[in-house]
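Undergrad: Here it is: the structure, laid out below.
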Amino acid sequence: MPFINGQLMKYMVDRYETEQSPVSSQQQSTQEKWDAVIPVFEGNPQPLFGIYSKNILGIIEERLNKGLKKLKDMLTEINVLYIKEEEVRQIDPEGRSFLNINTMKDLEKVRGGKICLV
């Protein structure tokens, strides 16, 4: 994710710090913070760009021990504040923050067919 938008990240952090969760994953208090803040883009949650509370480390460890690695699936088990797509697009209209480059082909697409390895 080489094109992370700092303004979008700041917006997500601000929302995490100011909005109280209705219920925490530990069911302790109605004043707990969210377990995660996840933006939505093109109708899909973007968990790789998410902010996660250390309070869910146990859930993450348990899932990994069971071989469950998909972040999207974990979102159903925790208390998530989703940032609506309309809000995301006000800050990052093209969704460049969510571009993921794993291969040279991915890089080529992002650079319009031009690759510079220097």
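Undergrad: Quick one: which residue in Val110, Val80, Val88 is more than 15 Å from Gly50 (Cα to Cα) and surrounded by 11 or more Cβ atoms within 10 Å (Cβ to Cβ)?
TA: Going through Val110, Val80, Val88 in turn, the sole match is Val110.
Undergrad: Which residue is farthest from Glu19 (Cα to Cα), if the candidates are limited to the range 84-100 and must be at pLDDT 95 or above and in contact with a helix residue (DSSP H, G or I) (Cβ under 6 Å, 6 or more places away or on another chain)?
TA: So, considering only residues that are at pLDDT 95 or above and in contact with a helix residue (DSSP H, G or I) (Cβ under 6 Å, 6 or more places away or on another chain), the one farthest from Glu19 (Cα to Cα) is Asp92.
Undergrad: With the structure loaded, tell me whether Asn44 is modelled with pLDDT of 95 or more, out of contact with any strand residue (DSSP E or B) (no Cβ under 7 Å at 6 or more places or on another chain), under 30 Å from Arg111 (Cβ atoms) and not aliphatic (A, V, I, L, M) or whether it fails that test.
TA: Considered against the rule, which asks whether it is modelled with pLDDT of 95 or more, out of contact with any strand residue (DSSP E or B) (no Cβ under 7 Å at 6 or more places or on another chain), under 30 Å from Arg111 (Cβ atoms) and not aliphatic (A, V, I, L, M), Asn44 comes out as yes.
Undergrad: Answer yes or no as to whether Glu94 is under 27 Å from Asp14 (Cβ atoms), exposed (fewer than 10 other Cβ atoms within 10 Å of the Cβ) and among the acidic types (Asp, Glu).
TA: no
The values are calculated or read from the model by the stated rules, or taken from the named source; none is laboratory data. It should be emphasised that the depicted structure is a prediction, and the values quoted were computed from it without experimental measurement. Note: ideal-geometry Cβ built from the backbone for every residue, glycine included; neighbour counts use all protein chains shown.
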